[in-house]
1. Filter the cross-link list K49/K119; K97/K141; K99/K194; K54/K103; K92/K119; K99/K181 down to pairs whose alpha-carbon distance in this structure exceeds 25 Å.
2. Which order, highest average first, do 79-91, 189-201 follow once you tally other Cβ atoms within 10 Å for each residue and take the mean per peptide?
3. Can you give me the relative contact order of the range 38-151 as a percent, contacts being Cα pairs under 8 Å and 6 or more apart?
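Nothing in this text is a laboratory measurement; each read-out follows from the coordinates by a stated rule. Please read all numbers here as calculations on a predicted model, not as lab measurements. We place every Cβ from the backbone using ideal geometry, glycine too, and count neighbours over all the protein chains shown.
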Amino acid sequence: MAWARKVTLMTETDYESMLERARKNLPDTAQSSEDRWSLPEPDIMYEGKMTVVKNFGDIVESVRRDSEQILGHILRELGTAGSQDGRRLILKSVITKDKLQSKFVDYVDTFVICGECGKPDTHLIKEGRIQVVECMACGAKRPVKVKKGLKAQEKRNAFSPGDELEVLIQDVGKLGDGVAKIDKYVIFVPGVTKGTRVKIRIEKVSGTTVMGRPVQ
Ligand SMILES: [Zn+2]
């Protein structure tokens, strides 16, 4: 299947000017270089069967890696198709925020964070046939160790018990439970009214039938 792949690559200069601007924007109290770096949380929404990551561009900039490499890793790990659309990432299946975030964190742990000082100021180099993360802050090097992919079972189900997500209650079931539909999944949520958006925690998944409970 062919799908359009629009990728914006940041040049070194773009990155430097962005950093400079960010530095100037910082309040004085936050100017410490010791501030713990953290990955932006994915900001997602669902459009039909698709998951849209609205701030993919921010995540790419924060990680300072080739967006194509991040995209490739994420798609492989999630077992789904997808493409970059400007600063958004469009995934062609329903993926919860938790699952997506764990894949980004995984990417950063594998390809970005320095094993010695924990900073993200690293780049990838090749030593022979081995990919190595070299830290520009402390000079440490470590080989890239790619973890094994997801189990087939995990790839097949969009939802797992414990996942939290926001859904729109589109209907009311025969027993009075709210019903939300995402892709082929029907999600039952007791104690909610039609037309509301609620944050729920998944309790049980049976085929395409999902039971959830509202969380505060
Ligand atoms: Zn380091």
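1. The pairs that break the limit, which is 25 Å between Cα atoms, are K49/K119; K97/K141; K99/K194; K92/K119.
2. Sorting 79-91, 189-201 by mean packing, highest first, produces 79-91, 189-201.
3. Relative contact order of the range 38-151: 20 percent.
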